[in-house]
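**Student:** Below you will find the structure I want to go over with you.
The values are calculated or read from the model by the stated rules, or taken from the named source; none is laboratory data. What you see is a predicted model; the values in this text were computed from it and never measured. We place every Cβ from the backbone using ideal geometry, glycine too, and count neighbours over all the protein chains shown.
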Amino acid sequence: MVNFTQITVKEIAKEVKDNCLLGIPADYSGVPMSVTIEIIKNNTKGLRLYCLPLTTIQGDMLIGAGCVSEIETAAVTLGEYGQAPRFQDAVENSKIKIKDSTCPALHAQLQATEKSVPFMPLRGILGSDLYKNRNDWSVINNPMNSKTNDEKIVILPAVQLDILIFHASKADINGNVQIGRRRELATLAHASKKVFVTVEEIVDEDFFDCELKAAATLSSLYVDGISLARNGAWPCGLTNCYEIDSNEMSKYAKSAKYQETFDEYMRNFIARNYYSNI
Amino acid sequence: MSEIFQSEIIISEISNLLRNDRHVAIGAASPIPGSAALLAEEERKNSDSKLKVTILHSQKFNNFTDGSRELFDASAQGRIDTFFLGGVQIDGEANINLVGTGHYPKLNKRFSGSFGSALMYFVVPKIILFREEHSPRTLVKKVDFISAPGISPPNVYRPGGPKYLITNKALFSFNAKDKNFKIEKINPEFTLDEVIKSTGFEFKTNENLKYFTMPSQKRIDILRNLIAPKVLNFYPQFAKKLWFN
């Protein structure tokens, strides 16, 4: 018996409602691929993706499957496997709205929500075309500079996510989740109304009994539900569990070049029923 | 001496640019700068001026424990001496474009995005621009989209900025006051005239224009025996193609 809400991957996917603002973790911080496939099967529409700070195959798949209306990100790429083809096609043909950002701005907007302040200042950005295309960003004179009053600084709005889903290696018996040093997952969780996690395993211990483990833990305080999902990040990698699947990533990169071959790839992917077979 | 690859010559040249640094950070998709930084670290490991290298895409060589924002916080604090940025396009005033070509947002060709460039370019003292392809389509008169500007007016906080640009054909320095690049070194496989023809912007020429320095056999041995296996861990596709095919 566990002392937390244990649900299924399908149930997590149902929590992702049409048009919601969905938090997307980077490729290095636990990509919830098993849930992503269920979201695609549900034919969820109008998703607004908020990437911290970028996405790879997860974002590209959701876009290719027609689930996305908007994306706020610092990059979409398949890394060593090349550009993200469905993302490229969607932007070049105005199928989705893009809010181009930069990594520290995506962090700062969530940090503002963590502190429940309306905005956060950030260095840089001035003079870029990112700034010119962001109506929600603003610039002020530094109010703390008494010497001169014309030092400019950008301010960014607080952003609260509707829902965050990520994959992690372990949860404990009380629903605390091991995130290691991927502290950006804590930032995402703190700034999200709902948080669901898939894990490789649930272990019969409490991470708070050990100070070292506690420091690498996201407390159950921030978690609304956990599901077991073996290899739940595949074909992405998971630190200390498994490497990225190079063959599958290459296969995806090739298939995603055209919508028709992407559709065929997705039909095969779904038919394989990969995550439930393990 | 066995054949030396072009990529190894560029790695060696970049490594020379890190001579006085204390901490170099390597971002996304940067196998050549990453190899150069690890080479510099290895060569200085027994000296008094050690180099610290942070490679974000590695578990072992990532020194940060506070999530991916720590790179940007540490950079803003001045704790990183050198960082590398690339670009779909780079122009003569060192503006960089990582977003795409054509008229934004309906671009002709969309690329990945600006990553952390819009902060890093302002706060890291020595930014080295690295773009292997040296052609009129990558080095342009004016970029189609500014991910981060090369220079800023005095009322913008800017302790950092571009210092060098290195390509497969040449090494340039950047002068923020004069707002232009100057060619310092040239790949001996090309003539200055060929470099001028393949560059979309005008640049100055150092009176003492030098050739890329060929790495010594000792350096090549270090690179192939000690650095290549490390790179294989976090840039496997790159390392396999260059060293383990």
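**Student:** Can you pull out the residues in the stretch B:220-245 that are in a helix (DSSP H, G or I) and either touching a Cys at 6+ places or on another chain (Cβ under 8 Å) or away from every other protein chain (no Cβ under 14 Å) (or both)?
**Tutor:** Those that are in a helix (DSSP H, G or I) and either touching a Cys at 6+ places or on another chain (Cβ under 8 Å) or away from every other protein chain (no Cβ under 14 Å) (or both): B:I220, B:D221, B:I222, B:L223, B:R224, B:N225, B:L226, B:I227, B:A228, B:P229, B:K230.
**Student:** Can you confirm whether the stretch B:29-39 contains a residue that is over 22 Å from B:P236 (Cα atoms) and in a loop (DSSP other than H, G, I, E, B)?
**Tutor:** no
**Student:** Follow-up. Out of the residues in the stretch A:103-113 meeting the condition of being of a type outside the set (A, V, I, L, M) and within 11 Å of another protein chain (Cβ to nearest Cβ), tell me which one is farthest from B:A28 (Cα to Cα).
**Tutor:** Within the stretch A:103-113, the subset of a type outside the set (A, V, I, L, M) is A:103-104, A:107, A:109, A:111, A:113.
Next, from what is left, pick out any that are within 11 Å of another protein chain (Cβ to nearest Cβ): A:103-104, A:107, A:111.
On the way: A:C103: 12, A:P104: 14, A:H107: 17, A:Q111: 23 Å.
Only one residue tops the list, namely A:Q111.
**Student:** Something else about it: State whether the residues of the stretch A:190-204 include one that is farther than 30 Å from B:N155 by Cα, surrounded by 19 or more Cβ atoms within 10 Å (Cβ to Cβ), touching a strand residue (DSSP E or B) at 6+ places or on another chain (Cβ under 7 Å) and within 14 Å of chain B (Cβ to nearest Cβ).
**Tutor:** Yes, some residue in the stretch A:190-204 is farther than 30 Å from B:N155 by Cα, surrounded by 19 or more Cβ atoms within 10 Å (Cβ to Cβ), touching a strand residue (DSSP E or B) at 6+ places or on another chain (Cβ under 7 Å) and within 14 Å of chain B (Cβ to nearest Cβ).
**Student:** Does any residue of the stretch A:167-184 turn out to be touching a residue at least 60 places away in the same chain (Cβ under 8 Å), outside any loop (DSSP other than H, G, I, E, B) and closer than 20 Å to B:F115 by Cα?
**Tutor:** Checking the stretch A:167-184: at least one residue is touching a residue at least 60 places away in the same chain (Cβ under 8 Å), outside any loop (DSSP other than H, G, I, E, B) and closer than 20 Å to B:F115 by Cα.
Listed here are the residues, each with its yes/no results for (1) facing chain B (nearest Cβ under 8 Å); (2) surrounded by 19 or more Cβ atoms within 10 Å (Cβ to Cβ); (3) in contact with a Phe, Trp or Tyr (Cβ under 8 Å, 6 or more places away or on another chain); (4) assigned to a helix (DSSP H, G or I).
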site	(1), (2), (3), (4)
A:Y28	yes, yes, no, no
A:T36	no, yes, no, yes
A:N43	no, no, no, no
A:A90	no, yes, no, yes
A:V117	no, no, no, no
A:N135	no, no, no, no
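**Student:** In the stretch B:92-106, which residues are surrounded by fewer than 21 Cβ atoms within 10 Å (Cβ to Cβ) and either under 18 Å from the mean Cα position of the chain (by Cα) or in contact (Cβ under 8 Å) with a residue 24 or more places away in the chain (or both)?
**Tutor:** Result: B:G92, B:E93, B:T101, B:G102, B:H103, B:Y104.
The rows are residues; the columns are (1) within 14 Å of the chain's Cα centre (by Cα); (2) at pLDDT 95 or above.
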position	(1), (2)
B:S15	yes, yes
B:R19	no, no
B:A25	yes, yes
B:A28	yes, no
B:R44	no, yes
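**Student:** Still on this model: Identify the single condition in (1) in a loop (DSSP other than H, G, I, E, B); (2) more than 7 Å from chain B (Cβ to nearest Cβ) that A:I153 does not satisfy, given that it satisfies every other one.
**Tutor:** (1)
**Student:** Would it be correct to say that A:K99 is under 23 Å from A:A189 (Cα atoms), basic (K, R) and at the interface with chain B (Cβ under 10 Å from one of its Cβ atoms)?
**Tutor:** yes
**Student:** If I ask for residues that are within 13 Å of chain A (Cβ to nearest Cβ) and among the basic types (K, R), which ones from the stretch B:113-167 would you list?
**Tutor:** Of the residues in the stretch B:113-167, the ones within 13 Å of chain A (Cβ to nearest Cβ) are B:113-124, B:127, B:142-161.
Once the filter is applied, which keeps residues that are within 13 Å of chain A (Cβ to nearest Cβ) and among the basic types (K, R), the stretch B:113-167 yields B:K142, B:R158.
**Student:** Failed condition for B:G116, given (1) in contact with a strand residue (DSSP E or B) (Cβ under 8 Å, 6 or more places away or on another chain); (2) buried (at least 19 other Cβ atoms within 10 Å of the Cβ), with all others met?
**Tutor:** (1)
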